[in-house]
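To start, the structure under review is shown below, and the notes come after it.
The values are calculated or read from the model by the stated rules, or taken from the named source; none is laboratory data. Please read these numbers as outputs of a predicted model, since none were measured by experiment. Cβ placement follows ideal geometry from the backbone for every residue including glycine, while neighbour counts extend to all protein chains displayed.
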Amino acid sequence: MKPKTVLGILPAWLVLVGGMVLSAGLLHAQVDTGSITGTVKDASGAVVSGAKVTLTNEGTGAALTTTTTSDGVYKFSPVRIGNYKIDATAQGFQTVSQTHVIVNVSANVLVDFTLKPGSATETIEVTAAPPALQTQDASVGQVVDSRNVNNLPLNGRNFTFLAQLAAGVNSPQADTRGNAATGAFAANGNRPAQNNYMLDGVDNNSDTVDFLNGTNFVVLPPVDAIQEFKVQTSDFSAEFGRSGAAVLNATVKSGTNQFRGSVWEFFRNDKLDAADYFERGKKGELRQNQYGFTIGGPVIIPHVFDGHNKIFFFGDYEGFRRRQGIPHAGTVPTLAERNSGYTDFKDLITGQSGTQTDALGRTIPIGTILDPATTQPGGTGFVREPFMGPASTCPVNAPAGFTYTLAGCDLNVIPAGRLDPNAIALLNLYPSPTNTSALLGNYNVSPKDKEDKQSFDTRLDVNFGQKDQAFYRFSLVDDPHLIPAIFGGIADGGGFQEGPQTALAEASALAWTHVFSPTVINVARVGLNYLHTTRVSPAANDLSNLPGKYGVQAIPQQHENGGLPAFGINGLATLGGNAFLPSDEVSSTIQVNDDFTKIYGKHTFKMGFEYQHVKFSTLQPPWSRGQFNFDGTYTDVAGGGHPGSTGRAQFLLTPTAATNGGTVDYAGGPNSIFVSNISLTDNGKNYYGTYINDDWKVSPKLTLNLGLRWDFFGLVYEHRGNQANFVPSGPPTGSPMYIIPQGPNANNLSTDPTTGFTTLLAKDGIALAVTNKYGKGLGTSQKANFAPRVGFAYQVTPKFVARGGFGLFYNGFENRGFSPNLGENYPFQFNFSFFSPNDIDPYVYNGCTTAGPIGNATLETGFSCTPLDPLLVNANGLGLRGIQFKYVTPYSMSGNFTLQYQLTPSLSVQTGYVTSLARHLEVFPGSNQVTQLLPNQDNTGAGIDRQKHVQFQDFGYGSSDATTDGNSYYHGLQVKVEKQFAAGLNFLGTYTWSKVRSDALDLLNGFSGNGYRAPQVPGFGIHHDYGLANFDVRNVVHFSGGYALPLGKGKRFMGNANGFADAAVGGWSLQWIATLQGGQPFKIDCPSGTTSGTDCLAFVIPGKNPKISRHVDPTNGYVAVLNPAAFAQPCQLKATTADPTGPSAPIPDSPSGCIPLTGLGALGGSQPSQIEGPGYHRLDFSVFKNFQLSERVRMEFRSEFFNIVNHPNFNAPGFGGNGVVAVSGSTNFYDSTFGETGSTRDGAYSSREVQFALKLYF
């Protein structure tokens, strides 16, 4: 069933809102507002009590009046962001009017008045300068106003990138989900997925399980529609919940009493851009247009209704069209192979070099195809005979020590009668090579990335009078996007990140503000967002049974699951579909908030509650059409590692009875097979929060911020009960338990006396609990989540402020992806993995008549021997996924002490210390792993089977599980210099020195964490992997700003210019964003594992510099950054007795140069060695020219240069994901490509890019 959108459920939502109006009065959102306070005094400095203070919105005319207290203090809270006029008067005094008072998001603005004797009808008007000091609260953050949002150079016009200008914020390396490319950031040592995105005071967070569309947010209005936003990174008010990290709070513009708007188009073309660093001067075609408009004003119906001061509208539209060539390289069959009908494969030998030897010591050229039907014992193992043509002069079954040659033996000629015609037809789906002289990497193409996105926002604001104001906003984004695979069509060949994808996002916000009195205000709001993303294979909706046309049986073909299976053929690019497609994800959030404000003397009390129901469904089967691998296992030297790219021959050959001395019948076919059923997981969770906050103005100089919040985060549950939880320490005794809800699903468990699920549970001592007593989430949630927050702001002098704060923040929302997902547990989701038992024998399906003659797997077998029925599942090796039964809510404790000094009315400098200590962070250590260090070999040299040394031997090794055992610690020095716009200049400069250490790897982007080495080994666990967090950056500098050149009429230079001269020299301005950022840490794995079932990290040799001067490897064009001579690893362990659990010792000669260590030293030490990756340096720059066409109309031409100096910013060696393929061997210091990187951090946006734009303002 198609999920309901915002529009589909809007009527029911409005009924709910209507009920709230009747009961409490729908109120305007508070978290997208600020406040204004101050003291009214007379000329002698005495306070004036009972003074009348009126606040008027300069754009809409809405007004509110209050009186000062006995201390002369007044306060307006909450106040919508915008520009205001404040009038203060008292009997016997003149009226003083402050105009252009700016209220930013969550800002507490201080405006004091000094009244002079006289008549109240006499008015003294003062223009207020933007406040340079933060005097009323201790929060840490940064406001970005509409000027900077609209003017700063932003590639892609995504305003969330501007959060990275704040102190304490850094941009992470390109990640496996693509979020870094859409503005993801880490703030004050917190993981990026912990940030909280808000729009107009309501939730704007994407809750799809793996950010399929690459964004942390649901909707993204264009920069022209953003009034301003604020990123709060630490010690924010108790009214903010959900997040333990940063809060990014943006506000959409509203209409005013004047009609205002803009029209724009931005244009990019590859002719203007530099080539990607690794494209060797080549550029893919690019045509990109971004265009739209905004308009806002009063609602007017001529001769019927005049909405001035009453009803206002605002709307925007933006279209985005891109066609960009994406370079792809891969390997396809050669013309010689294709033209011979796939009987001549001599180029497999001529296109490669080197030889290998078989068990008889015979020398065989790399690339030689061996006949699986001739597999037989020989020498020290098994041997096979090569295919030889009629011109061969070499003996059949050559003796030991014989040397085969291509010419003399006429190698790699296969009889046509041995070939499978279905395999030939499938290979013919590959395109012809573009480089006919190469064997490998012979196909290069640049198919077009096609994106046609459109979005709009509408907002309506209503002033019912002084006591009631309301607004409603609706936003929509429709983003169909084709990310091209190397082949496309039936052949496909794409990765998970490639293929047709869609993203439909809708979001609504409705709010009402009711003023009971100037000191009592209630605020309520309702928010609803919806995000539906899909990604499928190109042939997903071709249900004509394409696999059947090529003889492959029983491949499920249904909506979004049409097309071929994936054929992994060693030496060729993948043919067919990819794993985890189709992917169809939906998330929606319903939010209800109410906030109550009471101003009482020196206290401003705020209290409120929040409720969210988050629903997220996921369809993402691992292998719904199957994956069949042909690795050259049966066509290369047995046990030799299959280096010859002969998988294409294994794919083509029909398994036959043994011949020519062979002893293994029907060897061949796929050597590994992966199959899964298709299941939908429909998850949900509930969140409740309540708080009380007191801003206490103790004195004119001192303000205290006191708050307490309580949060409850419900466990994730499946709406239909289709989930199960594996709990290694289950209730009530701590014994292993598999919990499944009561219902029909409990009857779908296989009970075979040998391989049945219930049989193996009992065998391994796991209790089966079919019960509903543990709730829908199959566990318990922590309820005592009380979070105190305390801050102070002390104005030491009129130009000097000291601030400090401490707070506890619970974070029960963090995207963990689709693993562990309890809905993937058996019997709801189940996967089959079949592997050939060795390099000799084929995989055999017992009793299956649709396979080969002996039940052997063939190309055509498909799913026909794998009934997708949970009652028939062989449970051996099933993964048991689990989430901690007694779930402890993750939290962080943060604090700051900050000093700020005002240098000039528009310039201030501040420095601060910020710290954060996080506990009970969610981690994925994996369950059912070895609990002791096991050597790789026993004393006879035989390998150790790790599966025999885990607690639950009949179930999957290292099954995914989530526990809240992680910790992190951050401390940083943050410096900021900020100049508000004055005399044509504004800028923001920040510097952060920080360090964050953690054992909690990023749940979605743990590249530089490399996983945990020995999470279940006593004395080691995850805490010995405590090191620098993968988003740790030691030094970060941001500098941004704008400067209107003082040229032209009325300016400092050429002030008398007019006419043509003024048009030529006037109206020029410059904008820039500069970032200098250090590298992020990463680790180097041991090239050779030292123990069985655990991981190992390499050492950095004392006295050796792990880095080298950056240079290009002339053999491949990659960039080398690491020194292989600086690394070493522990030696492998070998048991000194036949008992692998007994004493062990290093094997001194394996690998060469290893360090003989025992105990935990064999894993690489008690703390990980880490290396700083490449840094990040970038300058974006723009030049504007404004033409004033009339008093209210101006035109602006922009030239924007992103990465203007074309500085390459490299990914760390070994990084891969989101379409980036790591350089093979780049983390193996024995490999010639060690320490090399072949990709840049910004991907398609990494080289210098030029963008032109034309905008019209009215």
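Sort out for me the strands (runs of 3 or more DSSP E) sitting completely within region 1140-1218 that have 3 or more residues that are aromatic (Phe, Trp, Tyr).
The qualifying strands (runs of 3 or more DSSP E) are 1176-1188, 1194-1202.
Going by what's in this entry, would residue 724 be described as surrounded by fewer than 20 Cβ atoms within 10 Å (Cβ to Cβ), among the hydrophobic types (A, V, I, L, M, F, W, C), at pLDDT 95 or above and over 30 Å from residue 137 (Cβ atoms)? For residue 724, the condition - surrounded by fewer than 20 Cβ atoms within 10 Å (Cβ to Cβ), among the hydrophobic types (A, V, I, L, M, F, W, C), at pLDDT 95 or above and over 30 Å from residue 137 (Cβ atoms) - is not met.
Among the conditions (1) modelled with pLDDT of 95 or more; (2) within 36 Å of the chain's Cα centre (by Cα), the only one that residue 760 does not satisfy is (2).
With the structure loaded, tell me whether residue 927 is within 25 Å of the chain's Cα centre (by Cα) and farther than 30 Å from residue 215 by Cβ or whether it fails that test. Here the answer is yes, as residue 927 does meet what is asked. When region 338-370 is filtered for residues that are crowded, with 20+ Cβ neighbours inside 10 Å, more than 46 Å from the chain's Cα centre (by Cα) and hydrophobic (A, V, I, L, M, F, W, C), only 364 remains. Counting just the residues of region 830-855 that are of a type in the set (A, V, I, L, M, F, W, C) and surrounded by fewer than 16 Cβ atoms within 10 Å (Cβ to Cβ), which one comes out nearest to residue 866 (Cα to Cα)? Among those that are of a type in the set (A, V, I, L, M, F, W, C) and surrounded by fewer than 16 Cβ atoms within 10 Å (Cβ to Cβ), it is 835.
Restricting region 583-598 to residues that are of a type in the set (S, T, N, Q) and within 27 Å of the chain's Cα centre (by Cα), the residue that is surrounded by the fewest Cβ atoms within 10 Å (Cβ to Cβ) is 591. Being within 30 Å of residue 965 (Cβ to Cβ), in a strand (DSSP E or B) and touching a residue at least 24 places away in the same chain (Cβ under 8 Å) is not true of residue 1017. Total residues in region 396-450 satisfying the condition of being touching a residue at least 24 places away in the same chain (Cβ under 8 Å), in a loop (DSSP other than H, G, I, E, B) and over 17 Å from residue 339 (Cα atoms): the figure is 13. If you check residue 195 against the conditions, is it under 22 Å from residue 454 (Cα atoms), crowded, with 24+ Cβ neighbours inside 10 Å, among the polar types (S, T, N, Q) and touching a strand residue (DSSP E or B) at 6+ places or on another chain (Cβ under 7 Å)? Considered against the rule, which asks whether it is under 22 Å from residue 454 (Cα atoms), crowded, with 24+ Cβ neighbours inside 10 Å, among the polar types (S, T, N, Q) and touching a strand residue (DSSP E or B) at 6+ places or on another chain (Cβ under 7 Å), residue 195 comes out as no.
Please find, within region 1176-1210, the residue that is farthest from residue 1111 (Cα to Cα) out of those that are under 32 Å from the mean Cα position of the chain (by Cα) and among the small types (Gly, Ala, Ser). Going through the qualifying residues, I end up with 1199. Evaluated against (1) surrounded by 15 or more Cβ atoms within 10 Å (Cβ to Cβ); (2) under 32 Å from the mean Cα position of the chain (by Cα); (3) under 29 Å from residue 194 (Cα atoms), residue 792 falls short on exactly one condition, (2). A Cβ distance below 8 Å, combined with a sequence gap of six or more or placement on separate chains, defines the contacts here; from region 1099-1121, residues that are aromatic (Phe, Trp, Tyr) reach residues that are not in a loop (DSSP other than H, G, I, E, B) in the pairs 1099/1127; 1099/1128; 1099/1130; 1099/1155; 1118/278; 1118/1112; 1118/1236; 1118/1237. Taking region 669-682 as the range and being out of contact with any Gly (no Cβ under 6 Å at 6 or more places or on another chain) and either crowded, with 22+ Cβ neighbours inside 10 Å or assigned to a loop (DSSP other than H, G, I, E, B) (or both) as the test, the residues that pass are 669, 670, 671, 673, 676, 677, 678, 679.
Do you know which residues across region 223-239 are over 23 Å from residue 186 (Cβ atoms) and either surrounded by 24 or more Cβ atoms within 10 Å (Cβ to Cβ) or among the charged types (D, E, K, R) (or both)? Answer for region 223-239, where residues must be over 23 Å from residue 186 (Cβ atoms) and either surrounded by 24 or more Cβ atoms within 10 Å (Cβ to Cβ) or among the charged types (D, E, K, R) (or both): 224, 225, 238, 239. Scanning region 346-380 for residues that are closer than 17 Å to residue 841 by Cα and assigned to a strand (DSSP E or B) turns up 370, 371, 372, 373, 374, 375, 376, 377, 378.
Just one of the numbered conditions (1) closer than 20 Å to residue 1201 by Cβ; (2) buried (at least 18 other Cβ atoms within 10 Å of the Cβ); (3) at pLDDT below 95 is not true of residue 245: (1). Residues of region 926-960 that are assigned to a loop (DSSP other than H, G, I, E, B), out of contact with any Asp or Glu (no Cβ under 7 Å at 6 or more places or on another chain) and under 18 Å from residue 884 (Cβ atoms): 928, 929, 951, 958, 960. Checked against (1) buried (at least 16 other Cβ atoms within 10 Å of the Cβ); (2) under 26 Å from residue 578 (Cβ atoms); (3) not acidic (Asp, Glu), residue 1221 meets all criteria but (1).
Based on this model, can you work out whether residue 731 counts as surrounded by fewer than 22 Cβ atoms within 10 Å (Cβ to Cβ) and either basic (Lys, Arg) or within 25 Å of residue 78 (Cβ to Cβ) (or both)? Spelling it out, it is not the case that residue 731 is surrounded by fewer than 22 Cβ atoms within 10 Å (Cβ to Cβ) and either basic (Lys, Arg) or within 25 Å of residue 78 (Cβ to Cβ) (or both).
The lone criterion from (1) surrounded by fewer than 21 Cβ atoms within 10 Å (Cβ to Cβ); (2) under 28 Å from residue 926 (Cβ atoms); (3) modelled with pLDDT under 90 left unmet by residue 1030 is number (1).
Of the residues 1135, 1162, the single one that is at pLDDT 80 or above, among the small types (Gly, Ala, Ser), over 13 Å from residue 1088 (Cβ atoms) and crowded, with 17+ Cβ neighbours inside 10 Å is 1135. Of all residues in region 457-484, exactly one satisfies the criterion of being small (Gly, Ala, Ser), under 25 Å from residue 62 (Cα atoms) and in a strand (DSSP E or B), namely 470. Restricting 965, 1002 to those that are among the charged types (D, E, K, R) and not in a loop (DSSP other than H, G, I, E, B) reduces the list to 965.
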